[in-house]
Amino acid sequence: MKTTRESAKEKSQKERINSLQELLEKNYDAEKGYKKVLEEADNVNLKEFLKQQAVMRNRFATEIHKAIRALNAEPKEKGSATADLHRTWIDLKTLFTKNDDEAVLEECLRGEKASLKEYEEKLKKTAFSPETKAMLEKHLQEIRTTVSEIQHLEDLAD
């Protein structure tokens, strides 16, 4: 029979793993999303920006994947079904939008703001190790920078 302390420790471990799994899935989704909108973009500079973001999200996923393994858990290997539906919606939206690059940027901004919220919530509610917390805070800062860059690109597209 487990002690209360052992049960609490096990529960905390599960919470850490679940939070990391959700962030991993979010990053898989973001990487796929950036690759998808890369196909839709017309501007060469925008394409390069989107490519860089896909690479960044792949790096985030790799780092989170390693953190999950360090917790002796099996990381998820793909994103969510919800994201697949969202990418389909992006396809439909860009079909009917005159300025595809602007529509692409709007969707990127929406996705990045959702990522910000998710990271902030996980960092606030989950007791991560100092190393994992530092990694996630670094991701969060990079996402904040991306949001600023997208907003700047939107201003240029107007």
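Computed from the coordinates by the stated procedures, all read-outs in this text should not be read as laboratory data. Since the model is a prediction, treat every value here as computed from it, not as a measurement. Virtual Cβ from ideal backbone geometry, glycine too; neighbours counted across all protein chains shown.
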In what order do VAL55, VAL44, VAL147, VAL104 fall by count of nearby beta-carbon atoms within 10 Å, going from fewest to most?
VAL44, VAL55, VAL147, VAL104
Order these by the 10 Å Cβ neighbour count, fewest first: ARG144, ARG69, ARG57, ARG5.
ARG5, ARG69, ARG144, ARG57
Taking the beta-carbon count within 10 Å as an exposure proxy, list HIS65, HIS152, HIS139 from fewest neighbours to most.
HIS152, HIS65, HIS139
